[in-house]
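Engineer: The structure that follows is given in the form of structure tokens.
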Amino acid sequence: MKIGNTFIKIVCMLFAGSIHAQQHVDSTFIFEATQNPIFTHKYTADPAALVEDDTLWLFTGHDYEGGQKGYKMKDWLVFSTKDMKTWEEHPVPLKITDFKWATSGDAYAGHVAKRNGKYYWYISTNWNGIGVAVANKPSGPYKDALGKPLLTNEDCFASTHSWTCIDPAIFIDDNDQPWIFWGNGVCYYAKLKDNMIEIEGGIKKIDFDGLEFTEAPWVHKANGKYYLTYATGFPEKIAYAMADSIEGPYEYKGILNEIAGNSNTNHQSIVEFNNDWYFIYHNGGIQTDGSSYSRSVCIEKMEHNADGTIKPIVMTTKGIYSEE
Ligand code: FUB
């Protein structure tokens, strides 16, 4: 809270749910998480993590509070942590109204990637396509980089439904080539140009035996293997496949995460931070008003086996705080 030129530090210990919080200076909010869901002061969905130096940045969607009958999201949120315990929420960095062409008004899932010293936030809009905003800092502010969508339903050559062009996920390979994966019903992918705001070459789709793709693709690489994780079925579980190269062929490896409590969707983000792998997802678990449309981000540790497969995620209330 700012009164005149004086910053008033507000210490508000919130003992409800999992948060013992300290709120201070302007609109930044600092708190300690002690269990899942990580954030209980707002409904958060569709997490996308970015690690830079000693900080994990977590970009999320922002559901309306309980009692909703559909996905209602108007802006996106950004949090950061250096130790996975103390979290900082930064001022709202991006809103759906920042994309003038997004007449849907729906702030669906996004993903932030860093390149050439800038931060690119790829967002979906339900039926207006995928846009990209750019900023000089991970916390923003972000600005529409194109003034039009980067991808639209017309690019989704194998789909006919209106919400097919959603859920962008960026992967920058070791040779510095950026890729974008996205889709609902069909998993599409393409190269991005070095400028991150143009598609390079053709758009292709992922196919392999056992692929039943709903949405939410995410690509990570570990020990030379490529992993494609994605939501399958509905209510969604998270499945995964492995490959030796980014374009496959991918081999289906099974279910990584089961249906998340009280939520039709699951939407994972997988990232390595301080020598641990984290599986970040959402459930509808906030009591009493959590639901499929009022979701909350949760975090579990994730482990690769010696043969490259991944140990199934065990969703818990204590989550990454279980050793405390
Ligand atoms: O949040 C709206 C949609 O729900 C996302 O785009 C999907 O991944 C699902 O989580």
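Engineer: Rounded if a/c is under 1.5, else prolate if a/b is larger than b/c, else oblate: which is the range 269-317, with a ≥ b ≥ c the root eigenvalues of its Cα gyration tensor?
Structural biologist: Note, shape of the range 269-317 comes out prolate.
Engineer: Roughly how many debye, to the nearest 20, is the charge dipole of the range 119-208 about its Cα centre, given +1 on each Lys and Arg Cβ, -1 on each Asp and Glu Cβ, and no other charges?
Structural biologist: 240 debye
Engineer: Here's a follow-up. Normalising by the residue count of the chain, find the relative contact order in percent from Cα pairs under 8 Å and 6+ residues apart.
Structural biologist: Taking the mean separation of contacting Cα pairs over the length of the chain, I get 15 percent.
Engineer: Right, something else. Using only the alpha carbons of the chain, what is the convex hull's orientation-averaged projected area in square nanometres?
Structural biologist: Mean projected area of the Cα convex hull: 16.6 nm².
Engineer: A further question on this structure: Ordered by residue, what ³J(HN,Hα) values in Hz, to whole numbers, does the range 31-44 give under the Karplus form 6.51 cos²θ - 1.76 cosθ + 1.60, where θ = phi - 60° and Gly and Pro are x?
Structural biologist: For the range 31-44, the Karplus-derived couplings read 8, 9, 9, 10, 6, 8, x, 5, 10, 10, 8, 8, 8, 10 Hz, x marking Gly and Pro.
Engineer: Could you run the Karplus curve 6.51 cos²θ - 1.76 cosθ + 1.60 with θ = phi - 60° over the range 74-85 and give me ³J(HN,Hα) per residue in whole Hz, x for Gly and Pro?
Structural biologist: Rounded to whole hertz, the list is 10, 8, 10, 10, 9, 10, 9, 8, 10, 9, 6, 10.
Engineer: Still on this structure, please answer the following. Shape of the range 207-324 from its Cα gyration tensor (a ≥ b ≥ c, root eigenvalues): rounded if a/c is under 1.5, otherwise prolate when a/b > b/c, or oblate?
Structural biologist: Judged from the Cα gyration tensor, the range 207-324 comes out oblate (a/c at least 1.5, b/c at or above a/b).
Engineer: Hey, for a label at Glu65 modelled as a point 7 Å past Cα toward Cβ, could you say which residues of the range 273-305 have their backbone N under 12 Å away?
Structural biologist: 288-290
Engineer: Grab the Cα-Cα distance for Lys72 and Thr34, subtract it from 0.36 nm times how many residues apart they are, and report the gain in nm with one decimal.
Structural biologist: 10.9 nm
Engineer: Okay, next question. What does the accessible area per residue of the range 190-306 come to in Å², with a 1.4 Å probe and no ligands, DNA or RNA counted?
Structural biologist: 41 Å²
Engineer: For Tyr226, what accessible surface area do you get with a 1.4 Å probe? Give it in Å², rounded to 10.
Structural biologist: 20 Å²
Engineer: Using modelled backbone amide H atoms (1.01 Å from N, in-plane), which distant-in-sequence or interchain residues come within less than 5 Å of Ala216's amide H?
Structural biologist: Gly183, Ala231
Engineer: Tell me whether the range 129-228 comes out rounded, prolate or oblate; compute the Cα gyration tensor, take square roots of the eigenvalues as a ≥ b ≥ c, and use a/c under 1.5 as the rounded threshold.
Structural biologist: Oblate.
Engineer: Let me ask you something else. Between Asn274 and Lys100, what is 0.36 nm times their sequence separation minus the Cα-Cα distance? Round to one decimal in nm.
Structural biologist: Roughly 58.8 nm would be gained on extension.
Engineer: Might you work out the accessible area of Met84 for me, using a 1.4 Å probe with all protein chains in place, and round it to the nearest 10 Å²?
Structural biologist: Rounded to the nearest 10, the figure is 10 Å².
Engineer: What residues qualify as long-range amide H neighbours of Trp277, i.e. H under 5 Å apart, gap of 5 or more or another chain, H built at 1.01 Å from N?
Structural biologist: Placed amide hydrogens put Met302 under 5 Å from Trp277.
Engineer: Quick one: net charge of Asp98's neighbours, Cβ under 14 Å, K/R +1, D/E -1?
Structural biologist: On the way: positive: Lys74, Lys95, Lys100, Lys143, Lys148; negative: Asp75, Asp106, Asp144.
After counting each charged neighbour, the total is +2.
Engineer: Let me ask something additional. Which of the trypsin sites (Lys or Arg not before Pro) found in the range 63-138 are loop residues per DSSP with 14 or fewer other Cβ atoms within 10 Å of their Cβ? Please list the in-between numbers first.
Structural biologist: Working: sites: Lys69, Lys72, Lys74, Lys82, Lys85, Lys95, Lys100, Lys114, Arg115, Lys118; in loops: Lys69, Lys72, Lys82, Lys85, Lys100.
The qualifying sites are Lys69, Lys82, Lys85, Lys100.
Engineer: List the residues, sorted by chain then number, that are 5 or more residues from Leu211 or on another chain and whose placed amide H is less than 5 Å from its amide H.
Structural biologist: The answer is none.
Engineer: Carbon-plus-sulfur fraction of the accessible area of the chain, 1.4 Å probe, in percent?
Structural biologist: Accessible surface attributable to carbon and sulfur in the chain totals 48 percent.
Engineer: Per residue of the range 151-164, in order, report the coupling 6.51 cos²θ - 1.76 cosθ + 1.60 (Karplus, θ = phi - 60°) as ³J(HN,Hα) in whole Hz, putting x for Gly and Pro.
Structural biologist: Calculated HN-Hα couplings, in order: 9, 10, 4, 5, 6, 8, 5, 10, 10, 10, 7, 6, 9, 6 Hz.
The values are calculated or read from the model by the stated rules, or taken from the named source; none is laboratory data. Computed from a prediction, not measured in an experiment: that's the story for all the values here. As a convention, Cβ positions derive from the backbone with ideal geometry for all residues, glycine included, and neighbour counts pool all protein chains shown. For accessibility, only protein heavy atoms count, side chains too; no ligands or nucleic acids. Shrake-Rupley method; radii C 1.70, N 1.55, O 1.52, S 1.80 Å.
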